[in-house]
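S.K.: One structure, as structure tokens, below. Some questions next.
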Amino acid sequence: MKYLWVFLTACLVGIIYYNSSLPLKQSSEISSWFAALTQLLAQHLDIHLAGDVEHHIRKMAHFCEFALLGLLLCRSFSAWGVPKLTATGYILFLALLVAVIDEYIQAFSPGRASRVKDVLLDFSGGFCAWLEYRIWEWSARK
């Protein structure tokens, strides 16, 4: 089972990097589809969405991707029996490293840019997942 968590983590990192390598036009088409779906759902729920919905969906998707990465990293290190303090350093370092490389790849994708604030957003997704995982572990022991 411990190999499964590592495999899933590696697959997610591959998906993140693949999405970063997409040109702006192709990436925007995917985001536009999700934005249209979100607006349709909001209309059915009688909710008014203001602002650049596509931009917010892109940022939320990055946060969620990295939250999932953080969770998979937590499960991977837990499955291998790495002590919590040691695992914490590795998990947070790897989440940050993946975020930095993700933005680096985007710098070379046509029409896309690399931003420090996006690294921080991505890392915060991984950090929040790590924190939630630790809180869940702590509460499960009580």
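S.K.: Any idea how many residues of segment 97-142 are over 23 Å from P23 (Cα atoms) and among the hydrophobic types (A, V, I, L, M, F, W, C)?
M.R.: 9
S.K.: Looking only at segment 118-131, which residues are in contact (Cβ under 8 Å) with a residue 60 or more places away in the chain and farther than 14 Å from R58 by Cα?
M.R.: S124, G126, C128, A129, W130
S.K.: Applying the selection to segment 86-117, what residues are under 18 Å from R58 (Cα atoms) and within 11 Å of the chain's Cα centre (by Cα)?
M.R.: Across segment 86-117, the qualifying residues are V98, A99, D102.
S.K.: Considering only segment 16-36, state which residues are touching a residue at least 60 places away in the same chain (Cβ under 8 Å) and either outside any helix (DSSP H, G or I) or more than 24 Å from L69 (Cβ to Cβ) (or both).
M.R.: L22, P23, K25
S.K.: Look at segment 100-135 and say how many of its residues are among the small types (G, A, S), surrounded by 13 or more Cβ atoms within 10 Å (Cβ to Cβ) and in contact with a Leu (Cβ under 8 Å, 6 or more places away or on another chain).
M.R.: Residues in segment 100-135 being among the small types (G, A, S), surrounded by 13 or more Cβ atoms within 10 Å (Cβ to Cβ) and in contact with a Leu (Cβ under 8 Å, 6 or more places away or on another chain): 4 in total.
S.K.: Another one. Among (1) out of contact with any helix residue (DSSP H, G or I) (no Cβ under 8 Å at 6 or more places or on another chain); (2) loosely packed, with under 14 Cβ neighbours inside 10 Å, there is one condition M60 misses while meeting the rest; what is its number?
M.R.: (2)
S.K.: From the list V6, V13, which residue is out of contact with any strand residue (DSSP E or B) (no Cβ under 9 Å at 6 or more places or on another chain), in a helix (DSSP H, G or I) and within 23 Å of D118 (Cα to Cα)?
M.R.: Result of the check over V6, V13: V13.
S.K.: Is there a residue in segment 75-95 that is in a loop (DSSP other than H, G, I, E, B) and buried (at least 16 other Cβ atoms within 10 Å of the Cβ)?
M.R.: no
S.K.: Looking only at segment 37-55, how many residues end up being loosely packed, with under 13 Cβ neighbours inside 10 Å and in a helix (DSSP H, G or I)?
M.R.: Result for segment 37-55: 6.
S.K.: For segment 3-36: of the residues being surrounded by 12 or more Cβ atoms within 10 Å (Cβ to Cβ) and among the aromatic types (F, W, Y), which is farthest from A107 (Cα to Cα)?
M.R.: Selected residue: W5.
S.K.: Looking at segment 71-97, I want the residues that are more than 17 Å from W138 (Cβ to Cβ) and have a partner that is among the basic types (K, R) and assigned to a helix (DSSP H, G or I) with Cβ atoms under 9 Å, at least 6 apart or on another chain. Which pairs are those?
M.R.: From segment 71-97, the pairs are S76/K2; A79/K2; W80/K2; G81/K2.
Read-outs throughout are calculated quantities, based only on the coordinates presented, and are distinct from any laboratory measurement. Quantities reported herein were computed from a predicted structural model and do not represent experimental measurements. FYI the Cβ positions are ideal-geometry reconstructions off the backbone, even for glycines, and counts take in every protein chain you see.
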